[in-house]
Structures are given as C-alpha cells and as structure tokens.
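Down below is the structure, laid out as structure tokens.
The values are calculated or read from the model by the stated rules, or taken from the named source; none is laboratory data. Note that this is a predicted model, so its numbers are computed, not measured. Ideal geometry is used to build each Cβ from the backbone, glycine not excepted, and the neighbour counts take in all protein chains shown. The protein model used for the area step is the full one, side chains on, heavy atoms only, and it has no ligands, DNA or RNA in it. Shrake-Rupley method; radii C 1.70, N 1.55, O 1.52, S 1.80 Å.
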Amino acid sequence: MPRSLYVTSAEGNSGKSTVAVGVLEALRQSVSRVGVFRPIARSTAERDYVLELLLEHDSVDLAYEDCIGATYDRVHADPEVALAEIVSRFKAVERQCDAVVVVGSDYTDVGSPTELSFNARIAANLGAPVVLVLGGRRADGGGGRTASELAQVAEVTLSELQSEHASVLAVIANRVDPEATDAVRDAVTAVTSQHDPAAPVWAIPEDPYLVAPSVAAVLQATGSTLIKGDEALLEREVLGVVVAAMSMVNVLPRLTDGAVVVIPGDRVEVLLAAILAHTSGTFPSISAILLNGGFDLPPQIERLMEGLGTSIPIARNELGTFETAVAITHARGRLAADSPRKYDAALTLFNRSVDAATLVGQLELEPPTVVTPLLFEYGLLDRARGDRKHIVLPEGDDDRILQAAHSLLRREVADLTILGDERVVRARAAELGLDLERATVLSPFDEELRARFAEEYQRLRAHKGITLDQAADTVTDVSYFGTMMVHLGLADGMVSGARHTTAHTIRPSFEIIKTRPEVSVVSSVFLMALADRVLVYGDCAVIPDPTAEQLADIAVSSAATASQFGIEPRVAMLSYSTGESGSGADVDKVRQATAYVQERAPQLPVAGPIQYDAAVDAAVAATKMPGSEVAGKATVFIFPDLNTGNNTYKAVQRTAGAVAIGPVLQGLRKPVNDLSRGALVQDIVNTVAITAIQAQAADA
C-alpha cells in the first residue's frame, strides 16, 4: 500500500487547497513526519502560495526549494525530462517523511485535458493514488454545477486517470451547492463505482467565507491606498460590494455584512453615513470603504472623522466608480499562510464533510513511536472535542481571546461564554472578521447574575466580614464573575490571564472554588512537549517554598494530571543528591515528601531524592539508583521549590526547544487556568482544551 497521495483536479479554481489542508491535518494524527510536494510550479521567481501554506504547518519540516518538482516552462519544453526530474525530487522528499501530500498543478489552461493527463502520469510514476477534486462551480465563473453535470465531469476525469494508469483513492466534490450535497454524492458515486468500486465519494459544500478576498486583496486589485483605519482589519474577508453612488437614505438599506462600500470621493455625506452605520451596531458591519475618483477629503471632514474614532479601513484610488467595481471582481480569495482564520474554516469544513479516518486508513502508515508536540496538541483538541465542555473567558476586551474563541468554536473544541459588553465585543469581532455567533457574550454587570453571585459570595466570605454591598462590588470584577460562573455550574471551567496577573486570575478560585477534599494546596504543572515525548514539571508557578507535606501533595496531584493527559506517571522527587548519598535540610525535606507520597499513593511509582540526570538517563540511573522503576524513565518531575522549578522549565524551554504548555493549575474542585500575558492565540486554544479535559475528569 502507498504512503503518499496525490490531490488533483481536472480544472482550476476547484478548491483543492482546502482538501490538501484537510488531508495534511488528517495525516498528522497518524504519523510524525508529513511532507508536501508540488510537482509543477508556475515559476522559480514567484513563490507558490499553496506550497507556502502547507509548509507553514507545524508537522512539516522541509525547505521550500526541495518541495518543487519542475516549472511549467520546463514541462512545456520537454515533458519527459521534466517528469524524470519530478520523480527524482519527490523521492528525495519521500525518504525524509512518513507520508507525503502531493498537490497537483493549478491549470494554466482551464479544463486542459493535456494538463490532467500529465498530472495522472505524475501520480502513476510517483506511486501515489489520486484524491480527485471535482469543482462544484464552473471554472469559467459561470455558476454552480448540478449533480448530473458533476457526474459527467467525474466520468471524463476518471476515464482520463484510468487511461494513464493512475489509481483513485477517493473522489471529493468541492464547492457544492449546500442544498445539493446528497444528490451530488449519490450521482458521483454511481459513476465512480464503475471505475473503482472501493473509492469513497464525499461532497463539501461551498463556503462564501473561503472564496472571499481580503480587504488587502481588494485594495491591491483596485490600486487603492489606505488613508485611515486599523491595518489589522485588512485581513478581514470581503463578502460583497455596495456601490454607493446615491443618497445616503438609499444607500443605508443596501448595506450588507462584510461588504466593501464604494463611494465617490466627493460624496462626503454618504461617507459619513456609512461610517455611522458601521459603528451604530444597528446596521451591518461593513469590511471597508473605498473612495474613488482621487478626491482629497476636506479638512473639516477629516476632523469630524477623527472625532468619530472609527477603525474601519478607508482607502482611496484614482479610478471611476465603474472601474473600481470591475477591479474588485478581479480580487481572488485564497487559502494562504497569512490567513489562519481561513485555514480553520477550511479544516472545519473538510472535517464535517469527509471521513478523514477512512481516507487515511487506505494508506500504509506506520503508527508513530514518539509523541511530538504537534501530536500532543492535536490530542488535546481531539479529547476536548469528544465531550464538549463550557468554558468562560473573562477577557473579552483582548483581540487574542476573540481570535482564539473563533478558532475554538470553528473546531468545536468547547462551548464558550465571553465576558464583556456584548455590543462592544461583537462589534470588535465583526471588525476582525471573526465568527462568534455561537458564543455567549455576557456582561459582568448583568443585574440578575450580579445579585445571585453577590449573595453567594457574601455567604462564602461571611467569616471574613464581607457585606452584601461589598460582595456586589467584588463580583463585577471579571475574574470573580467568571469564577462564580464555574462555582455555580454555569460554566465547567475558566481561562484568564491574557490581561491580568496570575494572582488576579487565581485568587478568586482560592476563595470560592477551593481545593478538593484530598488536597491541601493548589499547585501547578507545565506540560513540557519535547521532540519525542511529553513530561510533567511541577510546581513551577504557585508555591514558593513547599513543605514536605505540600511537596507530597504536589507530587500526587501532578501524577493525577499526567494521567489525565495520557502520560503514564513515574514520579521523580528531585534534589541535589540521589538516594541516601546526601544529607541536609533540603534533601531531608524531599526524602520525607517521598515517604508521604508512598504512604498516600502506594501504587504510584515514585523515587526520591533523585537528581535530574538519574531521573532521565538510563545509564546514570544504573549507577546511581539501580533497580528503580522510576530512575532513567521518569515522566513527572517534582522540584523542591519554585526557584528551581521555574528556572528549570524555562531553561529546558529555551535551550532544548521544548513547547511549555501551562501553567496548568491542579488541586481545585473545578478547573481554572492562567495564561501568560504574552500568550499567543494557539496558547489560548491549548489552555482552553486543557481546561475542558480537566472538567471532563472532574465530572467522571
């Protein structure tokens, strides 16, 4: 059986890059090293955006130049020499990888049978079965295809592939009318079964979001210059065009969500009306405004716009209204490395429509023997998705939180409540082109919940003399409000800290949620994803100088956390000496803590005191602690104090290239987790997934 597959189509604009993204993500679940290859590129001077998109994937570690077979010019000059070169360069990539996704050519001539035939020859010579992508829309822009029309395309294409001895792994009809997916699948299956009965058929509905150009692409197509607005919003998708060459009374009803509004530069009253409509919250959120005609804005209008404080991109060009509208139609939307939101959308669409396990299962893939950071991160999202929990995100005023929420909802990892003023949060999300429709946005000043939370908080803190009025003020703080939601079962967990300190995030949980009965302290671990495995480090963030009893608590909690995330716990109680070789207060504390762990959890493999080298290196372990079931193969490392733990995790992170996921809080009755204030969007996504998994365990 083959280890690679060839994604191709019979024409351009079929959306095969969406399929390639889905296949790449599916393969990364099964193997450690995934490769990508483009047998034909347009030129060596112009970078191939599809290849760049796939090379950006974390599971791919290849140089751009190594992943191209030949250029169109070389193929046209001498197809046989080019084919030999393509095969040779592909084999060099294949030797470095467990599986390779090959993406066929983009069709310089629409529907060229010669190009399809050459793709088929390449696939046959590479020994890579074809995933055939059928375009649900006509490549010439003539609208959507019916089920019978797609069946005819399938018949012609499959016959061509067969004549060149290319085998077919699967057929995917892409960009199909959402109302016709079942009919298309049935019609194409009837044709495919006559050529290859074993090849499954799927249909992916068209998503206007994926084919929409960005504001930046529209500005480039029209030769427009940005004169005002937030540059971050240039990546928002343009979902329509409104030509506003009429009075503002007639323009306003024609505004649509995500549209670019084309306004003659001297119609300043229409410009102001569009800006006010966008910011009002009672009209659709537009993506940008284009002022055509090359007119300068009057100073008084400039001043008025400054006062309105709008962030919507406003650009100007020298074209007329008609020329501007025509130029916009030439702007193409595409999946590219600089569009993570589109990447998420494409992946979600693929996963909803295609049985990826069945597709990949037809390849001869050896299961990975190591756990890479990428495989571990995928496992987190997959486990969270399996039993979806409700997580509250208190920091709705942070763009990273909104972007992470968009990704989490698209991937169906968790249900979300975002705290903040609903109008402000949703307006900002719309400006950023984010879909938060399935998220609940809740104000921490909601009167009904504020009263309920204040009463409960006053009850919990009555022993501290907290009055109801004081409680009512306290619970409007987003960290307290979110924690109260978790405490009262309105959410399963909370993730915060992008804008707040660790203390501000976790203090409410100490007061309200409190520790589990068998745990005396709240502590933390980092999940350290090395190149080939994942280790657990604790405590690196919470308790400065734990006692022996607290150290034992941290060890037992860390072992339980390791088990939650599929890591077999073997606990090393770290010190500067191993076994009975050393003495002193610090070593004695670790020795006593080890004894406490053995008393509390006799079934748990634990060794201590032990030095780090003896804990991880089998050769050192054989000398310093022979016969130990932990030494040389520890997975959970308990540091004697925060100073040691915090510095060690950062040293490993920075010098060994490990991915540090955390801190993950442990010991609470319900999960609350802290973010670094420098957290990236993917860090937030991972932390929400971790919190959801902890919530699953709490419910078990």
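A few points about this structure:
- Only the Cβ atoms of Lys and Arg (+1) and of Asp and Glu (-1) were treated as charged; on that basis the dipole of the chain about its Cα centre amounts to roughly 860 debye.
- Nonlocal Lys pairs with alpha-carbon distance under 22 Å, the chain (8 or more apart, or different chains): 8
- Per residue, segment 193-335 exposes 45 Å² of accessible surface when a 1.4 Å probe is rolled over the protein heavy atoms with every protein chain present.
- Largest first, the residues F445, F350 sort by 1.4 Å accessible area into F445, F350.
- Heavy-atom SASA rank of R95, R388, R185 (probe 1.4 Å, accessible area, largest first): R95, R388, R185
- For V36, residues with placed amide H under 5 Å, excluding near neighbours: V101
- Karplus-derived 3J(HN,Hα), 6.51/-1.76/1.60, for each residue of segment 241-246, Hz, glycine and proline x: 10, 10, 8, 9, 9, 9
- The heavy atoms of F295 offer some 90 square angstrom of accessible surface to a 1.4 angstrom probe.
- Across the options G22, S247, I567, the greatest Cα extent toward the positive end of the charge dipole of the chain (unit charges at beta carbon of Lys, Arg, Asp, Glu) belongs to I567.
- The angle between the Cα long axis of helix 181-195 and the main principal axis of the chain comes to about 80°, on a 0 to 90 degree scale.
- Relative to the globular-protein estimate of 2.2 N^0.38 Å, the Cα radius of gyration of segment 106-261 stands at 1.37.
- The Cα center of segment 285-336 and the Cα center of segment 447-475 differ in position by 50 Å.
- Amide H to amide H, with H built 1.01 Å from N, I227 comes under 5 Å of I314, A315, R316, counting only residues 5 or more places away or on other chains.
- Cα→Cβ-extended label distance, 7 Å offset, between V249 and R677, nm: 5.3 nm
- Phi to ³J(HN,Hα) by Karplus 6.51 cos²θ - 1.76 cosθ + 1.60 over segment 410-423, Hz, x for Gly, Pro: 4, 8, 6, 7, 7, 8, 10, 10, 10, 8, x, 5, 4, 5
- Along principal axes, Cα extents of the chain, largest first, whole Å: 80, 66, 43
- Segment A503..E448, full-extension length gain: 17.1 nm, with 0.36 nm per residue of separation and the alpha-carbon distance subtracted.
- Point-to-point label distance, Q162-R461, nm (Cα→Cβ direction, 7 Å offset): 7.5 nm
- Nonpolar atom fraction for the chain, defined as the carbon and sulfur part of the 1.4 Å probe accessible area, stands at 50 percent.
- Electrostatic bookkeeping for L675 treats Lys and Arg as +1 and Asp and Glu as -1; over the other residues with beta carbon under 12 Å from its beta carbon, the sum is -1.
- Against the chain, whose longest principal axis is taken from its Cα atoms, helix 502-512 shows a tilt of about 60°.
- Given a 1.4 Å probe and the protein chains as shown, Y378 ends up with an accessible area of around 40 Å².
- Placing V81, V495 in order of accessible area, with the largest value first and a 1.4 Å probe, yields V81, V495.
- The convex hull around the C-alpha trace of segment 580-700, projected and averaged over every direction, spans 9.6 square nanometres.
- Ranked packing of 186-195, 458-467, 688-697, most packed first, by mean Cβ within 10 Å: 688-697, 186-195, 458-467
- Helix 299-308 and the longest principal axis of the Cα set of the chain meet at an angle near 40°.
- Length released on extending from D257 to E412, taking residue separation times 0.36 nm less the Cα-Cα span: 53.4 nm
- Where labels lie 7 Å past Cα in the beta-carbon direction, separation of Q598 and Q300 in nm: 8.8 nm
- Along the chain, counting only GluC sites (Glu not before Pro) with a DSSP assignment other than H, G, I, E or B and at most 12 other Cβ atoms inside a 10 Å radius, the longest segment between sites is 47-363.
- With the charge dipole of the chain set up from +1 on Lys and Arg Cβ and -1 on Asp and Glu Cβ about the Cα centre, the Cα lying farthest toward the positive end among the listed residues Y537, H463, L680 is that of H463.
- In Å², nearest 10: area of F639 left accessible to a 1.4 Å probe: 10 Å²
- Förster radius 25 Å - calculated FRET efficiency between R654 and A63, Cβ distance, rounded to 0.05: 0.50
- Potential extension, A618-D588 segment - 0.36 nm per residue separation minus Cα distance: 8.3 nm
- When peptides 550-558, 528-536 are ranked by their average number of other Cβ atoms within 10 Å per residue, the highest-first order is 550-558, 528-536.
- For the chain, the residue among A619, V7, Y596 whose Cα projects farthest onto the positive side of the dipole built from Cβ charges is Y596.
- Using the alpha carbons alone, the radius of gyration of segment 388-467 stands to its Kirkwood radius in an Rg to Rh ratio of 1.10.
- In this calculation the C-beta distance from Y49 to Y72 is compared with R0 = 22 Å, giving a FRET efficiency of 0.90.
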